[in-house]
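Asker: Sharing a structure below in structure tokens format, with a few things to ask.
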Amino acid sequence: DVQRDLAYAYYFMNNVHVRWQDNDKAEEDNYRKGVEAAERALMLANPAFAGKIKAGQDTDDAWNTALKSATKEDVKALYWYATNMAKWALKHGIASLLKYKDRAYAIMQRCKALDNSFWYGGPSRYLGAYWLKIPFGKSPEKSKANFEASIAAAPNYLDSKILYAEIYAVRTDNEELFKKTLEEVIATSADVDANLVPENTNA
């Protein structure tokens, strides 16, 4: 649990603090550390899963095989592994993004199947962004459906609405939706959920 919490802590530091400081190197380092913490969490929580990855030398094929045996409990580490990895890859460059995008997608698809409620509709939120941020194969329809599923699962997690406006509304040139969604965020009290005050204040 400590390693899972640490994996989120690195993401939190970037999302709420570092990204406002215009320090790409610090962000990249934090996301890398988040990936490493999530890897350790997986090894501790599910040694058999980690063993399959190790046996396959950390390839996408090894991950796809191991994901078949992933459990609902594994979602807590898998989600932060894929989230931090995708953010790290975006910072590190297009080559890294192309290298890891399929793995992150496969992980999130499995997380969605196992527990889409994790981290306030997190798997659907990730996939909503994925379907319009990938360099090719974009699908506004899949993006919209996933964002809507995420918001429906946890309407008080305001980052979901921020991303819906920032990614879907902007990239589909939907100014009305953009304004409506952000007005909803502004009108919502940051303490609408006592567990999310820092995140919602940031949003």
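Asker: Determine which single condition ALA48 fails, assuming it passes every other condition in (1) farther than 30 Å from LEU158 by Cα; (2) at pLDDT 95 or above.
Answerer: (2)
Asker: Taking the range 93-124 as the region of interest, how many residues are farther than 20 Å from LEU67 by Cα and not hydrophobic (A, V, I, L, M, F, W, C)?
Answerer: Within the range 93-124, residues that are farther than 20 Å from LEU67 by Cα and not hydrophobic (A, V, I, L, M, F, W, C) number 3.
Asker: On to the next question. Checking the condition free of Cβ contacts under 8 Å to residues at least 60 places away in the same chain, within 22 Å of TYR10 (Cα to Cα) and of a type in the set (Asp, Glu), which residue from ASP193, ASP173, ASP159 passes?
Answerer: Of ASP193, ASP173, ASP159, the one residue that is free of Cβ contacts under 8 Å to residues at least 60 places away in the same chain, within 22 Å of TYR10 (Cα to Cα) and of a type in the set (Asp, Glu) is ASP193.
Asker: Taking the range 88-104 on its own, how many of its residues are of a type in the set (Gly, Ala, Ser), crowded, with 17+ Cβ neighbours inside 10 Å and either modelled with pLDDT under 90 or out of contact with any Ser or Thr (no Cβ under 7 Å at 6 or more places or on another chain) (or both)?
Answerer: 1
Asker: I'm trying to understand the selection: among the residues of the range 18-33, which are exposed (fewer than 15 other Cβ atoms within 10 Å of the Cβ) and either within 16 Å of the chain's Cα centre (by Cα) or under 25 Å from TYR157 (Cα atoms) (or both)?
Answerer: Applying the first criterion (exposed (fewer than 15 other Cβ atoms within 10 Å of the Cβ)) to the range 18-33 yields 20-25.
If the condition is that a residue be exposed (fewer than 15 other Cβ atoms within 10 Å of the Cβ) and either within 16 Å of the chain's Cα centre (by Cα) or under 25 Å from TYR157 (Cα atoms) (or both), then TRP20, GLN21, ASP22 are the ones that fit.
Asker: Here is a follow-up. For residues that are open to solvent by 10 Å² or more (accessible area, probe 1.4 Å) and of a type in the set (S, T, N, Q), scanning just the range 144-157, find the one that is nearest to TYR105 (Cα to Cα).
Answerer: Among those that are open to solvent by 10 Å² or more (accessible area, probe 1.4 Å) and of a type in the set (S, T, N, Q), it is ASN146.
The rows are residues; the columns are (1) open to solvent by 20 Å² or more (accessible area, probe 1.4 Å); (2) under 26 Å from ASP74 (Cβ atoms); (3) of a type in the set (Ser, Thr, Tyr).
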| residue | (1), (2), (3) |
| --- | --- |
| SER117 | yes, yes, yes |
| ARG125 | no, yes, no |
| LYS133 | yes, yes, no |
| LYS142 | yes, yes, no |
| ASP159 | no, yes, no |
| TYR168 | yes, no, yes |
| LEU177 | yes, no, no |
| ASP191 | yes, no, no |
| THR201 | yes, no, yes |
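The values are calculated or read from the model by the stated rules, or taken from the named source; none is laboratory data. Keep in mind the model is a prediction, meaning the values are calculated, not measured. Don't worry about glycine lacking a Cβ; one is built from the backbone with ideal geometry, like all the others, and counts go over all protein chains shown. Side chains included, ligands, DNA and RNA excluded: accessible areas come from the protein's heavy atoms. Shrake-Rupley method; radii C 1.70, N 1.55, O 1.52, S 1.80 Å.
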